[in-house]
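The values are calculated or read from the model by the stated rules, or taken from the named source; none is laboratory data. These numbers were taken from a predicted model, which means no experiment stands behind them. Cβ placement follows ideal geometry from the backbone for every residue including glycine, while neighbour counts extend to all protein chains displayed. Just so you know, the surface numbers come from the protein's heavy atoms only, side chains and all, with ligands and any DNA or RNA stripped out. Shrake-Rupley method; radii C 1.70, N 1.55, O 1.52, S 1.80 Å.
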Amino acid sequence: MTSGLGRFALGRPFPDREHAVCVSLPTVRDLVGYEEKDPRVLETMVSGYPRFVRHSRIEQLIDYLDRKSGEDGMTRFLVSDQKACEEAILYCSADQARVIRETGFSSLLVPKGTDQSERVSMFLQHSGIGISSRRAEDVLVREGQIQSAESTTLMDDPGGLVREIIAKAHGPEIFPEDVLLGSSGANAFYALFREASKQAESSGKDLWVRLGWLYLDTIEVMDLLAGETVQIDDPRDFGKVEAIFNEYGPRIAGIVTEFPTNPLMQACDLQRIRSLCEKWNSLLVVDPTMTSPKNAKVSGLADVIVNSLTKYAGCEGDVMMGSLVFPSGSDRGRKLLEGTASRLCPPYRGDLLRMAEQIPLYNDFIENANQSLPHVVSFLEGHSKVKAVYWAYQSSNQGNFEELAGPDRPGCVASFEVDGSFKDFYDNLPMLKSPSFGTQFSLCCPYVYLAHYKLVKSETGLEELKRAGLSPFLCRLSVGTEQPDQIIAAISEGLKALGE
């Protein structure tokens, strides 16, 4: 078993595999350096969370293609296909960009040092249309630039196995043919929302409701593609949701929410939200990734379910993937299936093979997390140096989560704030500190710093966070398969730095 407990060097990939998703950021100084692109930090990284950190294999392939073509003065982005390049050019107003078809992917060339280049870079992050490090690695082998690629167990239909297990996790009413797979959770949402917003616009619906503080890329994609969005910070405030529908009902294309939300683990009254959507013929998109769809049973209420398989399903921490589920009982959702499928970036076969190797661990990992997390939460809630704890069963959710999940199904995530110096706690915590969650190894993510650093740097940003109830110093804990008392001991050591 790979453990996330202990002290790990800056920039260390985790796990110790070529395509690791996590990377160690052991101190607040390192964390700030990562966000501000300090060479001291970035030069230590050969990998990281893939949509935020360009993997070394992708860097190698870009360098090779630039040398081969003699390109100069252009920044090269490696994109899944030509259609995705055209979308990037359109949405980024990259009128000076050029597209080159490669074998199995496309190069998008944008003038270096321009606003266009910066916009394209951010668009690739939010839409998830870039190629995976495994595809880049295989191209490098094919071109004779490296000797070998990662070895995985071969099978005829790895995607079929993934869809089968994910369908079962959602519930008996979901079948493999109801499941679409994308190259990442972000790409799954991007493809869905592109199709949904297009169809809604043709029906005269141009307003989308963002229910709760959602993940960064979800926010960015909605802002980019939606006609207009309304933000409701607390998803449990049904009165506010109802008031929005009473005022704008015919215009409302749909609601997008997480159940529970990332990182405050807030759960709306999904039954009542569904009733509103039925009344006004509005789409209900739900993402249950935080606790897993195996725990959060939303498929009887949602029109479409979005799930990042990088978490829980890819519990060994070295593969990106996402899924979309279209329940057969929802006509609104099923109308989107074909168009969404045409917009998705399908997972690379090498990533499917790697996911197929580890997804058989999915159910056992979730059951282990369900048993471990309550012990850790009990410790946190009882500690004098912890001033707030957020998890799926927090009392402020008013039973909304338990109504659908039942008892004792919290998943692996709890967020908390310390009473004292965040820096002292963070720097002294003997645990992997990295983006992501849902891995077999425990890790602590300084969520706001990593997802919303720009907001931390301005007064208006801090006010926005405050309105959403988000502390800049929030820690999001993901418990792994280590024993609960070992995880608690590690957290205790970090808390000791705050004094008695």
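Some notes on this structure:
- Placing unit charges on the Cβ atoms only, positive for Lys and Arg and negative for Asp and Glu, gives the chain a dipole magnitude near 300 debye about its Cα centre.
- Equivalent ellipsoid, segment 450-500 (semi-axes from 5 times Cα gyration tensor eigenvalues, Å): 30, 14, 8
- As a fraction of the 1.4 Å probe accessible area of the chain, surface on carbon and sulfur atoms comes out at 47 percent.
- Student exercise, segment 153-287 dipole from Lys, Arg, Asp, Glu Cβ charges, in Debye to nearest 20: 280
- Pairwise FRET efficiency - residue 223 versus residue 489, Cβ, R0 = 45 Å, nearest 0.05: 0.60
- Projecting the Cα atoms of 74, 488, 15 onto the charge dipole of the chain (Cβ charges, centred on the Cα centre) puts 74 farthest toward the positive pole.
- Sites residue 177 and residue 142 - FRET efficiency at Förster radius 41 Å, r taken between beta-carbons, to 0.05: 0.80
- 24 Å tail of the calculated P(r), segment 1-95, as % of Cα pairs: 38
- Per-residue HN-Hα couplings for segment 260-274 [Karplus 6.51, -1.76, 1.60; θ = phi - 60°; Hz; x = Gly/Pro]: x, 7, 9, x, 8, 6, 8, 10, 6, 7, 5, 4, 6, 4, 4
- Rounded FRET efficiency, nearest 0.05, which uses the C-beta distance separating residue 331 from residue 459 and R0 of 56 Å: 0.75
- Estimated dipole of segment 433-500 in Debye, rounded to 20 [Cβ of Lys and Arg +1, of Asp and Glu -1, Cα centre]: 280
- Annotation for segment 421-494: trypsin sites (Lys or Arg not before Pro) lying in DSSP loop with at most 15 further Cβ atoms inside 10 Å of their Cβ are 457.
- The mean accessible area for residues of the chain, using a 1.4 Å probe and ignoring ligands and nucleic acids, is 39 Å² per residue.
- Equivalent-ellipsoid semi-axes of segment 56-102, from the Cα gyration tensor, Å, largest first: 20, 12, 9
- With the convex hull of the Cα atoms taken as the outline of the chain, the averaged projected area works out to 22.1 nm².
- In straight-distance terms, cross-link reach from residue 457 covers every one of the lysines whose alpha-carbon lies under 24 Å from its own, apart from those fewer than eight places away in the same chain; here that gives 37, 387, 423, 433, 466.
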